[in-house]
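First comes the structure, then the notes that go with it.
The values are calculated or read from the model by the stated rules, or taken from the named source; none is laboratory data. It should be emphasised that the depicted structure is a prediction, and the values quoted were computed from it without experimental measurement. Cβ placement follows ideal geometry from the backbone for every residue including glycine, while neighbour counts extend to all protein chains displayed. For the accessible areas, the whole protein counts, side chains as well, though only heavy atoms, and no ligand, DNA or RNA atoms are used. Shrake-Rupley method; radii C 1.70, N 1.55, O 1.52, S 1.80 Å.
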Amino acid sequence: MTKYHNQGVAFLTQHGKESLVRDALEEQLGCRLIHTDAYDTDQLGTFTGDIQRQGSQLDAARQKAKIGMSLTQLRIGLASEGAFGADPFGGLMPWNTELLLWVDEERQLEIKGVAQGPAQSSSKLIETLEQLDSFASEAQFPSHYLNLRSEDQHHTKIHKGLKDRAALVDAFREIKKAAPNSMLWIENDLRAFGNPTRQGVIRNALKDLLRQLKSLCPQCDSPGYWINKTIAGLPCQSCGNKTRGAIAQQWHCPSCLHTQYEELPLQHLADASICDVCNP
Ligand SMILES: [Zn+2]
Ligand SMILES: [Zn+2]
């Protein structure tokens, strides 16, 4: 039995994310997910930029969790917040980082489930129906929904969540009618219910969160006992100097602050590519 057996967990979301997390969360923790949509989370920021998010991804998630807890009168809350940008390696690939934040007021705990991966988040300026159709197939439409608006954002509303060709073409014609000479801005809808690629990343963030919630501290028995640091120093296979490769990791309890070093099994030496002596 886990620490959260039979406990209610508040989840404030408007975009169908409760159906993504409910089964795994309830099966693995024995808790009850209490969904609320009584607050318009779009007020805290939207992906289309009509409302800018204030603060960091973590700030936004924390704020959502707290609002959900207060609306449901619960002391445990969950929040989901996504971010999109370029990949951290070459900066060329659209990238998605998902955070699932668990807030436990009783234990004064905050646990972060994180996952990242390639995103389906294309966008383009287009002019003709032909270009519209060609973008749509590149952007994995209709399994992934689209947003469409005039290039000049002040003139037209954004058509969000377009999920079939008839709706897409209607939106195109409506915008063209209002502003015949305008280019159109088309993009993937990044809200979870319209973006299966993002749903996969959220599921991975949930796995990360559940692993931590089920890991109990050997000293105080609180959930969230997890690796918070890796210690570098794996010898280089070519010159023997210490590299950035991990040689040990530190486990940490966010409740009682108990920490423990764990040496990693030395299966092989570090590749010379991560050695500052061989490959500065
Ligand atoms: Zn502890
Ligand atoms: Zn070396």
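A few notes on this one:
- For the stretch 244-255, backbone phi angles converted through the Karplus equation (6.51, -1.76, 1.60; θ = phi - 60°) give residue-by-residue couplings of 6, x, 6, 10, 7, 9, 10, 8, 9, 9, x, 8 Hz, Gly and Pro being listed as x.
- Computed lengthening from Gln237 to Ser19, 0.36 nm per intervening residue step minus Cα-Cα distance: 73.7 nm
- Protection proxy ranking of 245-257, 42-54, 193-205 - average other beta-carbon atoms within 10 Å, highest first: 193-205, 245-257, 42-54
- 3J(HN,Hα) along the stretch 266-280, derived from phi through the Karplus expression 6.51 cos²θ - 1.76 cosθ + 1.60 where θ = phi - 60°, amounts to 7, 8, 8, 8, 6, 5, 4, 5, 9, 9, 6, 7, 6, 9, x Hz, with x in place of Gly and Pro.
- Rounded if a/c under 1.5, otherwise prolate or oblate - the chain, Cα gyration tensor axes: oblate
- Placing a pseudo-label 7 Å from each Cα along the Cα-to-Cβ vector at Cys256 and Leu92 gives an inter-label distance of 5.1 nm.
- Apportionment of accessible area to carbon and sulfur, the chain, percent (1.4 Å): 48
- A simple rule links phi to the HN-Hα coupling: the Karplus curve 6.51 cos²θ - 1.76 cosθ + 1.60 with θ = phi - 60°, which for the stretch 143-150 gives 5, 10, 6, 10, 10, 9, 7, 6 Hz, with x for Gly and Pro.
- Prolate/oblate/rounded label for the stretch 83-207 (Cα gyration tensor, a/c 1.5): prolate
- Per residue accessible area in Å² of the chain, where ligands, DNA and RNA are left out and the probe is 1.4 Å: 52
- Taking each DSSP H run with n ≥ 4 as -39500 (n - 2.57) and averaging over every residue of the chain yields -8000 deg cm²/dmol at 222 nm.
- Cross-linked pairs Lys3/Lys229; Lys124/Lys163; Lys66/Lys163; Lys17/Lys214; Lys17/Lys177; Lys3/Lys66: Cα-Cα separations exceed 27 Å for Lys66/Lys163; Lys17/Lys177.
- Under-5 Å amide H pairs with Ile34, H placed in peptide plane, nonlocal only: Val9, Ala10, Phe11
- Spacing of the two label points (7 Å from each Cα toward its C-beta) at Ala246 and Cys278, in nm: 2.1
- Long-range HN-HN contacts of Gly245 with modeled amide H, under 5 Å: Gly233, Leu234
- Three-way shape label, the stretch 123-188, alpha-carbon gyration tensor, a/c 1.5: prolate
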